[in-house]
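The values are calculated or read from the model by the stated rules, or taken from the named source; none is laboratory data. These figures come from a predicted structure and were not determined experimentally. Note that each Cβ is placed from the backbone with ideal geometry, even for glycine, and that neighbours are counted across all protein chains shown. In case anyone asks, the SASA skips ligands and DNA or RNA and just uses the protein heavy atoms, side chains included. Shrake-Rupley method; radii C 1.70, N 1.55, O 1.52, S 1.80 Å.
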Amino acid sequence: GADRVLSLYLSTDPSSGPGMNLRAQITAALRPLFDGLGADEVAALEDEAGVAREYVRSMGTRPRGLALFICSPAALLSAVHLPVRPTPEARWGPRPDVLQLLAIMDEHEPAVILLADQREARFYGIFLDEIELLETLTASPAGGRPPARENPEMDGQHRQAELLRAHVRTVAETLERIAADWGADRILVGGTPDTVAELQRQLPPALRDRTRGPVGLAVNATPQEVLLRVRQRLELEERGAELLLLDRVRERTGSGRAAMGVADVVAASASGAVACLVYAAGTRLAGAGCAGCGTLYAPPAPDVCRACGGAVAYVDDLVDRLVDGTLAAGGRIEEVRGEAAEQLAPCEGIAALLRFPVARMQAAGSG
């Protein structure tokens, strides 16, 4: 058979209970995998577990979380250090289980934060719950004393407005460059109201549409203050966007442009119709798949694939396979939490927006 990949997610934060004893955490995560294995398979899995324990033992500074993908026969050892704690779990199968990793990446998309006043601007990057000061700009000093006018007060105000516009022009150009470098669709701005208002006037329309504010932070806020405020803001926005996405799913269900429940989603996936796969965090669904052509089936599944006549076998990672199929077809995935996850519960925790209507094919076997 094909070589198997051990996928292992660990909470490695030493300040947490599980993180204090990683060997015990690994043993607990692996224990269910040994059920029903033959002697050779047990030995192979034990070897992979040894690789995992050795990697963890040799780690220097520990991240908050770790994703390990190990396949010794294929010389694969891939480790992803995570600055968030994943749910500890292990899977052993023909492909890496990247579902948690994809969900973490989706939940923690890169964001750029700009805090600016009349004199200074600070640019921060946030990714996977870590913050980095990217750049600091200081406004150019006023160039010499302006000539005396009949109304010095008005002249001074005009001069200040010109200086602010020039400062913000440089800030906007820098923000455009940094946002492009980071590939950030999330841009948050804060600082003094006059500076933020001038920035909104000067930003190119494409960048202005991706910019949200104000975030209620002063330019001299500490990085940790920035991280905490932005994390709270983005989480609220994420939960709100998830509820709006489910509203769209419900609106389109009647026209056949959405699917709700595992049978309809599997049918849509088989037709390459899934534009956005939506599932509740932690959803695990069982089904069946053809070893020959890869066709998936929601329960109840036939013994023989109706697409190619191949053997159909039980699979316990139906969501993972639907994610793979959606991404391969150019769709996107959205893992939802909180209230949105609760709203998905009546349809088995899974739904999808579709590119085109698809007749339910479960009865025909496309699943």
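Go through (1) touching a Cys at 6+ places or on another chain (Cβ under 8 Å); (2) more than 24 Å from Arg91 (Cβ to Cβ) and name the single condition Gly272 misses.
Only one criterion is unmet by Gly272, namely (1).
When you go through (1) more than 21 Å from Arg95 (Cβ to Cβ); (2) in a strand (DSSP E or B) one by one for Ala24, which number turns out not to apply?
Of (1) more than 21 Å from Arg95 (Cβ to Cβ); (2) in a strand (DSSP E or B), only one is false for Ala24: (2).
Can you tell me which residue in region 1-14 is modelled with the lowest pLDDT, limited to those that are outside any strand (DSSP E or B) and farther than 16 Å from His81 by Cα?
Going residue by residue through region 1-14, those that are outside any strand (DSSP E or B) are 1-4, 12-14.
Those left that are additionally farther than 16 Å from His81 by Cα: 1-4.
Details: Gly1: 50, Ala2: 70, Asp3: 88, Arg4: 92.
Looking at residues that are outside any strand (DSSP E or B) and farther than 16 Å from His81 by Cα, I get Gly1.
Here is a check on your reading of the model: is Arg169 open to solvent by 40 Å² or more (accessible area, probe 1.4 Å), over 17 Å from Glu132 (Cα atoms) and touching a Leu at 6+ places or on another chain (Cβ under 6 Å)?
Values: open to solvent by 40 Å² or more (accessible area, probe 1.4 Å): yes; over 17 Å from Glu132 (Cα atoms): yes; touching a Leu at 6+ places or on another chain (Cβ under 6 Å): no.
Judged against the criteria, Arg169 is not a match.
For region 308-318, check the following and say yes or no: at least one residue is under 30 Å from Glu237 (Cα atoms) and open to solvent by 10 Å² or more (accessible area, probe 1.4 Å). Write out each step before concluding.
So the first thing to find is which residues in region 308-318 are under 30 Å from Glu237 (Cα atoms), and the list is 317-318.
Still in the running and open to solvent by 10 Å² or more (accessible area, probe 1.4 Å): 317.
Yes, region 308-318 has at least one match.
Restricting to region 179-210, count the residues that are part of a loop (DSSP other than H, G, I, E, B), hydrophobic (A, V, I, L, M, F, W, C) and closer than 17 Å to Phe127 by Cα.
Of region 179-210, the ones part of a loop (DSSP other than H, G, I, E, B) are 183-185, 192, 203-204, 209-210.
Keeping just the survivors that are hydrophobic (A, V, I, L, M, F, W, C) gives 184, 203.
Narrowing the set further to residues that are closer than 17 Å to Phe127 by Cα leaves 184.
Residues that pass the stated criteria total 1.
Within the set of pairs 6 or more residues apart or between chains, which connect a residue that is free of Cβ contacts under 8 Å to residues at least 24 places away in the same chain and on the phi < 0 side of the Ramachandran plot inside region 157-185 to a residue that is open to solvent by 40 Å² or more (accessible area, probe 1.4 Å) and not acidic (Asp, Glu) with Cβ atoms less than 6 Å apart?
Sorted first by the residue in region 157-185, then by its partner, the pairs are Arg159/Pro146.
For region 98-107, check the following and say yes or no: at least one residue is modelled with pLDDT under 90, in a strand (DSSP E or B), under 30 Å from Thr283 (Cα atoms) and open to solvent by 50 Å² or more (accessible area, probe 1.4 Å).
Checking region 98-107: not a single residue is modelled with pLDDT under 90, in a strand (DSSP E or B), under 30 Å from Thr283 (Cα atoms) and open to solvent by 50 Å² or more (accessible area, probe 1.4 Å).
Determine whether region 211-222 contains at least one residue that is modelled with pLDDT of 90 or more, open to solvent by less than 60 Å² (accessible area, probe 1.4 Å) and assigned to a helix (DSSP H, G or I).
Among the residues of region 211-222, not one is modelled with pLDDT of 90 or more, open to solvent by less than 60 Å² (accessible area, probe 1.4 Å) and assigned to a helix (DSSP H, G or I), which makes the answer no.
Whether any residue in region 342-359 is crowded, with 17+ Cβ neighbours inside 10 Å and more than 22 Å from Ala273 (Cα to Cα) is what I want to check.
Yes, the conditions are met somewhere in region 342-359.
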